[in-house]
Structure formats: C-alpha cells, structure tokens
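The values are calculated or read from the model by the stated rules, or taken from the named source; none is laboratory data. Note that this is a predicted model, so its numbers are computed, not measured. Cβ coordinates were reconstructed from backbone atoms using ideal geometry, including for glycine residues, and neighbour counts include every protein chain displayed. Ligands, DNA and RNA are stripped out before the accessible areas are found, and what is left, the full protein with its side chains, is counted by its heavy atoms. Shrake-Rupley method; radii C 1.70, N 1.55, O 1.52, S 1.80 Å.
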Amino acid sequence: MADPSSYRPRPGDIPDSPGVYRFRDEHRRVIYVGKAKSLRQRLANYFQDLANLHPRTRTMVTTAASVEWTVVSTEVEALQLEYTWIKEFDPRFNVKYRDDKSYPYLAVTMNEDFPRVQVMRGHKRKGVRYFGPYGHAWAIRDTVDLLLRVFPVRTCSAGVFKNAARTGRPCLLGYIGKCSAPCVGRVTPEEHRDLAEEFCDFMAGRTGTYLRRLEKRMTEAAEEMEYERAARLRDDIEALRKAMEKSAVVLTDATDADLIAVAEDELEAAVQIFHVRGGRVRGQRGWVTDKVEDVTTAALVEHALQQLYGEETGDSVPKEVLVPALPDPIEPVQDWLTDRRGSNVSLRIPQRGDKKALMETVQRNAQQALALHKTKRASDLTTRSRALEEIADALDLDSAPLRIECYDISHLQGEDVVASMVVFEDGLQRKSEYRRFQIKGFEGQDDVRSMHEVINRRFRRYLAEKERTGEWDGDAPLDDDGRPKRFAYPPQLVVVDGGRPQVAAAKKALDGLGIDDIAVCGLAKRLEEVWLPDEEDPVVLPRTSEGLYLLQRVRDEAHRFAITYQRTKRAKRLRSSPLDDVPGLGETRKQALIKHFGSVKKLRSATIDQIQEIPGIGRKTAETIAVALARTAPAAPAVNTATGEIIEEEEPGATPDSPGEPVTAGPPDERRGQET
C-alpha cells in the first residue's frame, strides 16, 4: 500500500486550469481518470489526511503510485478527453456501465451502394443508420416485414445479392414484391437509395407526412377508377399503421427525447434509458454498474450521458434529454451534447405532465432491473461460493461460514425496543430459522446493551440445548415432530448491524458464556466497513466484492425483519384498550360493546344489567368486564386551573365511527419468526 505523500506533486506545479488527470499504479497502469475545472483544487482533495477520505477514495490513492494531468482549454474538452481515456484505459476505479445484455438494433447500411436493412449488435459502424435498441430481434423482424411492403429495400446478404446478379434471377422477396430487386436492375442505385432514405425517415418518426401522401394517392387512384392501385395503396397504409402501433404513443406533442433514470444502493446502480422519437418509445436499454468510487446520482447521470453519446453525432443525440439529477456544473455537459448534435440540446429534470409520468415509468424499470440483477447474483451457486470464500479470507476464518446469523436492534425513540435474528445458510435465506426478541433487561434506548442481552440470551439457549442433549455429530437435536430445536444450530459467523461498540458487546457476551469458536463481525452501514473485535481499524472489502455484497444482504434483511416487528408492536400498543385484559372477550364482542356504549368511559359507568343487554354477554362475563374496568379506572380528572373546567379525555379504544382494526398477521415469512 503506497503512501500518497510519496508521489504528491508540489501545489505550485499543478496548474489552476481545466484539465484531466490520471492516477497510475506501480505497474504504470491507469487506475482512475477524472476531470476538473481547476486541477490544483481537485488534486489537493486527494492528498489530505487519509482518515478524512471516503474509504473508496482512500483505497484508490493508496493503490496509486503516481498522478499526471493534461491541461485543456475548456470544461467541454475535459469532458470529451475524460470519456476518451476511460474508453482507452478501462481504469478499475471509474464507474463503468455494462449492458445487462447485447441489445439488437435495426440498421440501414447507408455506406453501401445498395443500402441493406438488417439486425445488428455490438459496436456502431460509421455510415450506418441505427434505430432502437429493441428488446428482442424478432420485434425488429416483425416491424421490417410490415414496412417492406411499402419500402421494398434490400435485406439480403452480400453473397445472396451477388449470386442473384450473376444468375439474373432475384430471390423470393423480389418475386413477392417485398424487395425492389436492385440486384437484377429493376431499380437504379439512385431509386433504391431514395427508398432507403424514405425507410429511414419513417423509422425516425416522420410518419404523418408520408401517410398523408399515400392517402392522397389512394384517393386520386379511386377517383380515376384505378381500383387495383387504390387497394394496393390502402393495404400499404394499413401495413404502416400496424408498424406504428407496435410502439405506443407516450408523448402527444411528437417529442424527440431520451429519458434516463437511475436506481442505486450503496454498492450498485442500474440505469434505464427510454428512446422516444416522434412521441413514441422507439427503444429501451439498461446498464448496471458497481459503485467502485464515491459517486452521487448526478455523477452517475453524467457518466451515463458519456456512455450514451460519446460516439454519437447528429440526430442520434436527441433535442431533449430528461434526467433525474443534473450534473454539476451543467453547462459543460450541455455544451458537449450540443456540440455532438450540431444544434441546441436541452438537459433538464421533468417537473410535471406527461414527461414526468413517463420518467416515473422509466424509474420503475430501473428499480426492477436492479432488483433482478441482485436476484440473479444471489441465486448463482458459483457466486455464493465465491462470496463465502471472500468473507473467510477477509475475516481470517478457518473455513467458509456456511451458517451466518445477523442481529439488529430496532426501536422508536427508546420505546418498543426489539431485536431480530436472521439466518443465511450457504448464502441463502433460511426464514424458518428467523427469531425475534423483546428487550427485557432494561428500559430505554441503549443499542449496545441491547445487543449484549440478545446475544447472551440466544447463546445461553444454545448451550442449554447442547448440555441437555449432549454432543452431536453433524446434526442438531430434533423435536418430536422431526424439526430442529430452537437455537440448536451454532453459526460459524455472527454479524451485528453496527460498528465497534456493537461488535465489542457481542464478543463480550460470547466470552462470558465461554464460547470461543464463533467468529464475530459488524457491518457499519454508513461506510460499509467490516469491524472485528479488538481491532483498531476496520476491514474494507472492495466494492466489487461478492463477500461484501452478501454481508450487505444479510444486514439489510436483519434490519427489515427487526423494523417490521417493532412497527407491529407499536401499532398494537397504540390500539390497546382496557378490554384487552378481559379474559375470554373476543374481538367481535369488544366491538359490540364499544358500538353500543360509544366509548370505554361510558362502558365503565354502566351497570352489570346494562352490560348484559349486549347480545352474547351473560351475567358472569358482564361481572368480569365490570371488575376489569374498575381496576383500570383513570385517576382524578384534570382541572384547568385558569377556568376551573374539568378536562375530560377519551380513553384508548375505538369509537363507533372508528371501531379499530385488529393487528393482523404479517406475511408468511414474518409469521415464521418466533418471538422469544
């Protein structure tokens, strides 16, 4: 690990002007590329006390062995040079978007003598017009099949074209009218190129003018009683309309725009783009990236714009780009886009109307893409195995932790303090093993003390089961129904949600029980640092680490399970009533009592005979209700000392207009978590 001070340039040597800088490692490989309005101010931020740097930035500067820079005239030039160097050097610490698949495009090879319509993937070629991207290649072929009736452009390969020219016989499409057969000279190269231009104009969204022209020609043919030609034109119009229906109208003002949305968490980010041309969605694509550097949403947007338009020019860059956050500063990016298009480009956040509604749709797609990516990652056996091995290496464990338990504390301002225990076995959730705890040893807010109590209770139960049943080889003791006893399995790793204090509390609890063969660590949410007992500094796993990703999933699941339980308890407490303590009184009869008397206060003042008037309540039950309410009678009424007025307060409980809702059971996976 290099000391940044060993290669820090003197401040006077760094120019105070726009430029692009590169950090290199000891092998002269470029590991990070950045741009700056002032190189001197930006580079000074990297060479400060390491304790003040973000962990990701700290890892980068300690990996680097040198830094160099290039001065440019404007921030726009810096943006372009940064993109060029990122593409050239592929630095490991820069955000790099990767397509979640190779998207197909509809391409027209305008660089050939006889342009060809085909499906293309991969890098874009000079002189080729692209439309899309599309989700599936078959969607392109369906669209092309409809349009070839009106625009009979060549679709055959070079070999087929040459063979037809040699034999003088066109292919099948030429015979059925879906190709103008330039191979045999039915049309001139100029006429065929005009067809290709019309095809491109239609795909670019300029549909209205062409349809009106066809409708006019159809009407003229009908008036001249050329009914066969009119019928042919009618069918052409129908084919074009069917092709247009394949992409729904989303913006009624025929807008040309790209909409970019970002969904992110601490480790990864997903970007979704909708390409809207002529008010219709003409293409969609998405990327996922690991956040290997400390980056904001605005910076993610800027990187996405570079990826999208770094090699595009002309109409490929739309007039309007809608984003969730604006780069800071916005002017260089907007000027760069304008330069690539050749005319003004608007970069903004939609605030209202159809564009904002469509942006919300794009945002939902981004969130789903990120969730799907995480699901695929979690379900892959090879990935899970690598994650467990990385955790074992980082924590210096003897073997991979096949069973991981994670604990989290949850409360609301010191009330309803609860804890959760979630279990992952072989990298997968084991929801039947989840447990939840009420903090019983004290009242108030103390996460460290709560963590000590929970760990102590859980492993006392484990030792009790072990002592009662004796040692076992491989299998835990079972109940009569064949299921493992509660807390019978020991984990190889205990993870706590928190930093050094929580880890120390968990370790102290295990030491107090004489348990020394279970590893403990903590995951601090703010910086995603892994803390170990008795260590001054945390373990910082790489942002691309599958081990860190698994620890994050375990921690987030424990947090979700704890907060769900805490909210349930709080809701139950807020909806509690003195009638809850009456034995044998169910929800139906409680609601009947409240509905009849209007409130608990009026019910308390009722006689036993009046209570008996409620259907289903006998004298014995009425006496029980009266006794229970008498025990919970409120203290003397409060008095307003200024007016002498008695302040009457309604007691907890439902009113006739609001009978109250019983606490309902959670989803199946929540009900499996047993309370201890």
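For this structure, a couple of remarks:
- Of all residues in the stretch 489-524, those that are in contact with a helix residue (DSSP H, G or I) (Cβ under 7 Å, 6 or more places away or on another chain) and basic (Lys, Arg) total 1.
- Condition check for residue 326: touching a residue at least 24 places away in the same chain (Cβ under 8 Å), farther than 30 Å from residue 397 by Cα and surrounded by 18 or more Cβ atoms within 10 Å (Cβ to Cβ): no
- Among the candidates 602, 595, 572, residue that is under 30 Å from residue 447 (Cβ atoms) and open to solvent by 70 Å² or more (accessible area, probe 1.4 Å): 572
- Test: residue in the stretch 292-309 that is assigned to a strand (DSSP E or B), open to solvent by less than 10 Å² (accessible area, probe 1.4 Å) and within 30 Å of residue 202 (Cβ to Cβ): no
- The single residue among 159, 135 that is more than 15 Å from residue 195 (Cβ to Cβ) and at pLDDT 85 or above turns out to be 159.
- Of residues in the stretch 192-216 being over 29 Å from residue 156 (Cα atoms) and at pLDDT 80 or above, the one nearest to the chain's Cα centre (by Cα): 215
- The criterion of being without any contact (Cβ under 8 Å) to a residue 40 or more places away in the chain, open to solvent by 20 Å² or more (accessible area, probe 1.4 Å) and assigned to a helix (DSSP H, G or I) does not hold for residue 193.
- Within the stretch 514-543, the set of residues being in a loop (DSSP other than H, G, I, E, B) and either open to solvent by less than 30 Å² (accessible area, probe 1.4 Å) or within 19 Å of residue 409 (Cβ to Cβ) (or both) comprises 515, 518, 525, 526, 528, 533, 541, 543.
- Here the strands (runs of 3 or more DSSP E) wholly within the stretch 1-118 that include at least 2 residues being in contact with an Asp or Glu (Cβ under 8 Å, 6 or more places away or on another chain) and surrounded by 19 or more Cβ atoms within 10 Å (Cβ to Cβ) are 19-24, 30-36.
- Condition check for residue 321: under 14 Å from residue 256 (Cβ atoms), of a type in the set (A, V, I, L, M), buried (at least 18 other Cβ atoms within 10 Å of the Cβ) and at pLDDT below 90: no
- Tallying residues that are touching a residue at least 24 places away in the same chain (Cβ under 8 Å) and farther than 16 Å from residue 85 by Cβ within the stretch 7-42 yields 12.
- In this structure, residue 559 does satisfy being under 45 Å from the mean Cα position of the chain (by Cα), surrounded by fewer than 20 Cβ atoms within 10 Å (Cβ to Cβ) and either more than 30 Å from residue 437 (Cα to Cα) or modelled with pLDDT of 80 or more (or both).
- Sub-6 Å Cβ pairs linking a first residue in the stretch 383-405 that is in contact (Cβ under 8 Å) with a residue 12 or more places away in the chain and open to solvent by less than 10 Å² (accessible area, probe 1.4 Å) to a second residue that is of a type outside the set (Val, Ile, Thr) and outside any loop (DSSP other than H, G, I, E, B), at least 6 apart or interchain, are 387/546; 387/547; 387/550; 391/547; 401/493; 404/424; 404/493; 405/421, ordered by first then second residue.
- Hits in the stretch 406-432 (condition: crowded, with 22+ Cβ neighbours inside 10 Å and not polar (S, T, N, Q)): 406, 407, 408, 409, 417, 418, 419, 421, 422, 424, 427
- Pairs where the first residue, in the stretch 153-174, is among the aromatic types (Phe, Trp, Tyr) and the second is modelled with pLDDT under 90 and open to solvent by 50 Å² or more (accessible area, probe 1.4 Å), C-beta under 8 Å, 6+ apart: none
- Scanning the stretch 436-460 for residues that are within 16 Å of residue 503 (Cβ to Cβ) and not in a helix (DSSP H, G or I) yields one hit, 446.
- Which listed residue, of 233, 251, is in contact with a Lys or Arg (Cβ under 9 Å, 6 or more places away or on another chain), modelled with pLDDT under 80, within 30 Å of residue 141 (Cα to Cα) and not in a helix (DSSP H, G or I): 251
- Taking residues in the stretch 437-454 that are under 17 Å from residue 563 (Cα atoms) and touching a residue at least 60 places away in the same chain (Cβ under 8 Å), and partners anywhere that are surrounded by 15 or more Cβ atoms within 10 Å (Cβ to Cβ) and hydrophobic (A, V, I, L, M, F, W, C), the pairs with Cβ atoms closer than 7 Å and at least 6 places apart or on different chains are 437/418; 437/419; 437/454; 438/418.
- Any chance residue 259 is part of a helix (DSSP H, G or I) and open to solvent by less than 40 Å² (accessible area, probe 1.4 Å): no
- Members of the stretch 139-177 found to be basic (Lys, Arg), under 49 Å from the mean Cα position of the chain (by Cα) and open to solvent by 40 Å² or more (accessible area, probe 1.4 Å), listed by number: 141, 149
- Condition broken by residue 471, with the remaining ones in (1) open to solvent by 40 Å² or more (accessible area, probe 1.4 Å); (2) at pLDDT below 80; (3) closer than 30 Å to residue 528 by Cβ satisfied: (3)
- Looking across the stretch 589-607, the residues that are part of a helix (DSSP H, G or I) and hydrophobic (A, V, I, L, M, F, W, C) come down to 592, 593, 594, 597, 600, 603.
- Single match in 656, 652 (criterion: in contact with a Ser or Thr (Cβ under 8 Å, 6 or more places away or on another chain), modelled with pLDDT under 75 and either loosely packed, with under 15 Cβ neighbours inside 10 Å or outside any helix (DSSP H, G or I) (or both)): 652
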